[in-house]
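We did not get these values from a lab; they are worked out from the coordinates using the rules stated. Note that the coordinates shown come from a computational prediction; the quantities given were computed from them, not determined experimentally. Cβ placement follows ideal geometry from the backbone for every residue including glycine, while neighbour counts extend to all protein chains displayed.
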Amino acid sequence: MATKNSTFTETIEECESCGQQTPHDVRIEIQTESTKTENTEFSREPYRVTECEECGTTENKRMNNA
């Protein structure tokens, strides 16, 4: 069973839903942007995903806007 190690993944950030500084779980995910079934390997982009530990709101932000 995996355990959550908040020492490296939790940071304090402004939450738009809560309206205050709250702890967030932060991770990087590779997400496929294309809805087509062919050549999806060319539409994968890194996203910064943050989840508020207080209200559960999740935000995705594309990291390279090329």
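Structure summary
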{"read-out": "Virtual spin-label span in nm between K61 and E41, 7 Å along Cα→Cβ", "value": "3.1"}
{"read-out": "5 angstrom amide H check on H24, placed H, neighbours 5+ away", "value": "T11, I12, E13, E53"}
{"read-out": "Burial ranking of peptide ranges 10-17, 58-65, 45-52 (average Cβ count within 10 Å, highest at the top)", "value": "45-52, 10-17, 58-65"}
{"read-out": "Estimated FRET transfer efficiency (E14, S34; beta-carbon r; R0 35 Å; 0.05)", "value": "0.65"}
{"read-out": "HN-Hα J in Hz across the stretch 10-19 - Karplus 6.51, -1.76, 1.60, θ = phi - 60°, x for Gly and Pro", "value": "9, 9, 8, 9, 6, 9, 5, 6, 7, x"}
{"read-out": "For the stretch 46-58, Karplus couplings with θ = phi - 60° (6.51, -1.76, 1.60), whole Hz, Gly/Pro x", "value": "x, 10, 8, 10, 10, 10, 5, 6, 8, 10, x, 5, 10"}
